[in-house]
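Please read the structure below before turning to the comments.
Read-outs: derived from the displayed coordinates by stated rules, not from any lab. Keep in mind the model is a prediction, meaning the values are calculated, not measured. Heads up, the Cβs are rebuilt from the backbone with ideal geometry, glycines too, and the neighbour counts pull from every protein chain shown.
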């Protein structure tokens, strides 16, 4: 145990650099996936056939490709087409795109759960499609969307470790580097696990808060 | 003001409106009665474009109603609708429900919309409920807020789709008296209803619809007191003397 604490004092500062990158990747890809997911979902419920079809196709293609392959594609293949991104940029974009499919399905479920009478009431006071979405549907859908959204946040935090495969030195990769150079596997990976857990706990509490709030209404 | 000319409408293979021709003059109150599934609500929903129709023509003050055209927005601001299930926005207070259209569709100044919204809530007897959210109101109160919301658009006509059918019996009177006052003030109204007393006392004209056609129409008192068509007679007997 004493040895563990000794190792912890030595390795935590280095691992914290990884934590910082983990947070950057998670927050960046969360923002991107939210925006893209909302766009796909709105296309899906727009009632315009070509947009509905396009969004359904995109979601299925994205869902059908493993995140790691998507990351390789963006980081290693895109330069052949003249688009060279840094590893961090590629990670944020790759994870953002990958998760946009799940975000879209969650948003769509929330939007479609809103009573049709609400949309008709908005129409009868002269609201167009976008105003109806913004003022009537989305504010009510948020309550339904938030609990699963929180779960997606937790999954993204953990899946940000896949960025290590394209050389982003986030927490998992930082741990692997230290472990392979010191052979202190137990100490290092216990610390890595504890750090992920520490970052997850506030998110888990947030999900519980969302769920309570949704149930109360 | 509202004209329907040989309007046909099908849902899949079922034809629910089989050639409806009718008109509503300014300040007139027309009640539509008839059995469930006869197409009453569909007529209202076609008038303000919530449903499209297949053949014939509907016009409001000369403008053709086409639910797929942008012009429908202008028509909807002139012809408001009150629903059986109120359809108030549950995440907004009574006052916010009323001023939503004036603020965001008509772009009225904030102060003016609020002042008028409060006046409308007072008019329907709910001045003290302005800051309450709909789920905390009774059905009758919710429906009166919905009427205030419809009035806030300063419409030329209001369509009522069974406005009291979802209410507890003791709350029906409050809503009907608000509607009666509107009629007295000269509002053009088309009311789908099962309240025969209201139809007899307030309506100028009654249309009896069955099987997607107008079976009988005329002055409210004559249709309700001396129905000519056997189907109308049968329907009224069942409604007025259910036992």
For chain B, modelled as a Gaussian network with Cα springs under 10 Å, which listed residue fluctuates most, B:17, B:137, B:182?
B:137
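Over the whole of A:114-123, what's the average partner chain Cβ count within 10 Å per residue? Rounded to a whole number, please. Present the calculation step by step, with values, prior to reporting the outcome.
Values: counts 0, 3, 2, 6, 5, 2, 6, 14, 6, 8.
Across A:114-123, the average partner-chain Cβ count within 10 Å equals 5.
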Values of log10 I(q)/I(0), in the order q = 0.18, 0.27, 0.34 Å⁻¹, for the stretch B:94-138 under a Debye, Cα-only, solvent-free model:
-0.48, -0.93, -1.19
Go ahead and set up a Gaussian network model of chain B, Cα springs under 10 Å, then flag whichever of B:83, B:11, B:208 fluctuates most.
B:11
Order of A:12, B:14, A:136 - criterion: other Cβ atoms within 10 Å of each residue's Cβ, fewest first
B:14, A:12, A:136
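Rank the residues A:72, A:5 as a footprinting-exposure proxy: fewest other Cβ atoms within 10 Å of their Cβ go first.
Numbers: A:72 15, A:5 10.
In increasing order of surrounding Cβ atoms, one gets A:5, A:72.
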Rounded to the nearest 500, what is the 222 nm mean residue ellipticity of the protein assembly as shown from helices alone, with -39500 (n - 2.57) per DSSP H run of 4+ residues and division by all residues?
-19000 deg cm²/dmol
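Looking at the protein assembly as shown, what % of the alpha carbon pairs are farther apart than 37 Å?
Details: 47445 of 105570 pairs.
So the pairs more than 37 Å apart make up 45 percent of the total in the protein assembly as shown.
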Over 10 Å intervals from 0, what percent of Cα-Cα pairs in chain B sits in each interval?
8, 31, 36, 20, 5, 0
For the stretch B:111-243, convex hull of alpha carbons as volume per residue, Å³:
125
Once you average over the residues of B:88-101, how many Cβ atoms of partner chains fall within 10 Å of each Cβ?
3
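To the nearest µm²/s, what D does Stokes-Einstein give for the stretch A:45-195 at 10 °C and 1.306 mPa s, using the Kirkwood radius over alpha carbon pairs as Rh?
The Stokes-Einstein estimate is 86 µm²/s.
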Range of Cα positions in the stretch A:140-185 per principal axis (Å), largest first:
53, 21, 9
So what's the Cα pair-distance distribution over the stretch A:157-217, bin width 10 Å, in %?
21, 37, 22, 14, 5, 0
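So for the stretch B:40-119, what are the equivalent ellipsoid semi-axes in whole Å, largest first, each being the square root of 5 times an eigenvalue of the Cα gyration tensor?
Values: eigenvalues 152, 48, 18 Å².
After scaling each eigenvalue by five and taking roots: 28, 15, 9 Å.
Which order do B:229, B:241 fall in if you start with the one that has the fewest other Cβ atoms within 10 Å?
Numbers: B:229 13, B:241 7.
So the residues, fewest neighbours to most, are B:241, B:229.
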In range of the label at residue B:185: residues from the stretch B:126-142 whose backbone nitrogen is under 15 Å from the point 7 Å along Cα→Cβ:
B:126-127
